[in-house]
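Asker: Below is the structure I would like to discuss, written out as structure tokens.
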């Protein structure tokens, strides 16, 4: 189950992060501050995790999951 979540997160994370940023940009006045903050933190966190997967320290773990 963890392997499936790991791989699905790699494919669904970036598009969901883009949707979150677009939603915050478009509905800035309509969304409460807490919701905007959570959406932006989620988008930044998703981008950081995706980039971290391919850094040298985590690349071995990434290869291990794919095997």
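FYI, it's all coordinate maths here, none of it is from the lab. Predicted model, so just to flag it, every value in this text is computed and none were measured.
Asker: Compute the long axis of helix 33-53 from its Cα atoms, compare it with the longest principal axis of the Cα atoms of the chain, and write down the angle in degrees, 0 to 90, nearest 10.
Answerer: On a 0 to 90 degree scale, this one is about 20.
Asker: Additional query: Using only Cα atoms, tell me the angle between helix 2-26 and the longest principal axis of the chain; keep it within 0 to 90° and round to the nearest 10.
Answerer: Computed tilt is about 20 degrees.
Asker: Quote the relative contact order of region 2-66 in percent (integer), defining contacts as alpha-carbon pairs under 8 Å separated by 6+ residues.
Answerer: Relative CO of region 2-66 lands at 35 percent.
Asker: Enter the angle in degrees (range 0 to 90, nearest 10) between the Cα long axis of helix 56-66 and the first principal axis of the Cα atoms of the chain, meaning the one along which they spread out most.
Answerer: Approximately 80 degrees, to the nearest 10.
Asker: Hey, of (1) 1.33; (2) 1.40; (3) 1.12, which did the structure itself give for Cα Rg over 2.2 N^0.38 Å when calculated?
Answerer: (1)
Asker: Then there is this: Go ahead and estimate [θ] at 222 nm for the chain from helices alone: -39,500 (n - 2.57) per DSSP H run with n ≥ 4, summed, over the residue count, rounded to 500.
Answerer: My calculation for the chain gives -29000 deg cm²/dmol from helical runs alone.
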